[in-house]
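To start, the structure under review is shown below, and the notes come after it.
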Amino acid sequence: MGLMDKEAEIPTSIEEEQLHGISRSVGEIEWLLLVVVLLYHAFGGTDPDERPGIVLAMVLYTMSIMGLRYAMFFKRESRWKLAVETWIMTAFITWALLHTGRLESPLLNCYLLIIITSALALGKLTTLLELLLIAACFVLLGGDYSLVEIVSLKYLAGIFAQFAPLVLVAYITTMFASDIRYGLNQAKFLPETDTVTEALSGRGFAIIADSLFGQAVRYNRAITLLVIECDTLKQVNDEYGYKAGDALLMSLVKCIQGQLRRSDVLARQSGEEFVVLLPETPATGAIHIAEKIRISVATSTLKLIGRNITTTVSIGTASYPHDGNTLDLLLAQATRNMYQARRAGSNSVQQSAV
């Protein structure tokens, strides 16, 4: 599978991962709701005549959770499944309220759990529909009133006083959720390639590196990370300007890419720092590649403003599993080794002690 194929799969996997995360949170809220009702019942909050109805509701609710979450009725997570779960939660709360004092029940605020869940997971429209459903439940729970009594100002004022907190929580939570979604959508438009060197950006590198490192761990294969820093970029920027610095970086990238395989991944991590991921490469092989990169950079000349500009690089390496069992640990160790290479006089390669 080529790189383009992998990148094409990324949005789907990200969406699925987000849904899995939301679903886990919804599952925790479902069990929390059950625990709240169970504790209220266990501590004597339910009248003796109403206990069979509450017990039946808890049994049916538990069966629904088990069925939706563990019986695999839904092969993939979807927002429709989450919506169905909120409807079941609404039915359970309404049934519990019918047997514990209706609108006077201390469990009335459990509706807030549904509103928060819907606002965070399902969006504004679904939350509005959920509010309308709960409003209908409020009317049902209000008792046996005539139509004239229901439309009276006194009755409506009482319902509004109890229902208003749900509306406020729904509004505030949907606003927060909307801001979060906006931030995530903006992040999707961050470039995955560096605009100066056309190497991968840190974001693009993270997407691909996570996948490659996961495969290395899964199949117990060697993989090595290089952190490469240009030793003279600041000096060139100060002396010749930032355009000269950009030209130097582009020349540096060409030197690095010339020593890499098609399967290796190069990215610009920060201003003067690059990272390279070397799949299927143990520490000894990585040192050989790092030395080739160092020599290629040191022997290359960039002609600029009538002058020949040269540079060198300091390189640190870190290999799985010797230097760490996560990508972050490898990056941290490779960075420490790179700084050690700089302290040793630059234009050198440093690996961890065996």
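For the range 278-294, enumerate the residues that are among the β-branched types (Val, Ile, Thr) and surrounded by 14 or more Cβ atoms within 10 Å (Cβ to Cβ).
Start the filter on the range 278-294 by keeping residues that are among the β-branched types (Val, Ile, Thr), which leaves 281, 284, 287, 289, 293.
Within the range 278-294, THR281, ILE287, ILE289, ILE293 qualify.
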- [ ] Identify the residue in the range 200-217 that is farther than 22 Å from MET338 by Cβ and not small (Gly, Ala, Ser) and, among all such residues, is surrounded by the fewest Cβ atoms within 10 Å (Cβ to Cβ).
- [x] GLN215
Task: TYR145, sole failed condition from (1) at pLDDT 70 or above; (2) of a type in the set (Ser, Thr, Tyr); (3) not in a helix (DSSP H, G or I) - done: (1)
TODO: Being touching a residue at least 12 places away in the same chain (Cβ under 8 Å) and not in a helix (DSSP H, G or I) is the filter; apply it to the range 96-132 and report the residue that is farthest from LEU168 (Cα to Cα).
DONE: HIS99
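Take the residues in the range 302-331 that are part of a helix (DSSP H, G or I) and touching a residue at least 12 places away in the same chain (Cβ under 8 Å), then tell me which one is nearest to ASN237 (Cα to Cα).
Initially, the range 302-331 is screened for residues part of a helix (DSSP H, G or I), giving 327-331.
Checking the rest, the ones that are also touching a residue at least 12 places away in the same chain (Cβ under 8 Å) come to 327, 330-331.
Numbers: LEU327: 32, LEU330: 30, LEU331: 27 Å.
Applying the filter and picking the extreme gives LEU331.
Restricting the search to the range 40-55, which residues are in a helix (DSSP H, G or I) and within 19 Å of THR94 (Cβ to Cβ)?
Narrowing the range 40-55 to residues in a helix (DSSP H, G or I): 40-42, 48-55.
Within the range 40-55, TYR40, HIS41, ASP49, GLU50, ARG51, PRO52, GLY53, ILE54, VAL55 meet the criteria.
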Open item on the list: If SER13 satisfies all but one of (1) assigned to a helix (DSSP H, G or I); (2) modelled with pLDDT of 55 or more, what's the number of the condition it fails?
Closed with: (2)
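Confirm whether ASN220 is surrounded by fewer than 14 Cβ atoms within 10 Å (Cβ to Cβ), closer than 30 Å to LEU131 by Cα and either modelled with pLDDT of 80 or more or within 25 Å of the chain's Cα centre (by Cα) (or both).
Working: surrounded by fewer than 14 Cβ atoms within 10 Å (Cβ to Cβ): yes; closer than 30 Å to LEU131 by Cα: no; either modelled with pLDDT of 80 or more or within 25 Å of the chain's Cα centre (by Cα) (or both): yes.
So ASN220 fails the test.
The values are calculated or read from the model by the stated rules, or taken from the named source; none is laboratory data. Computed from a predicted model, the values in this text were never measured in an experiment. Cβ: placed from backbone, ideal geometry, glycine included. Neighbour counts: every protein chain shown.
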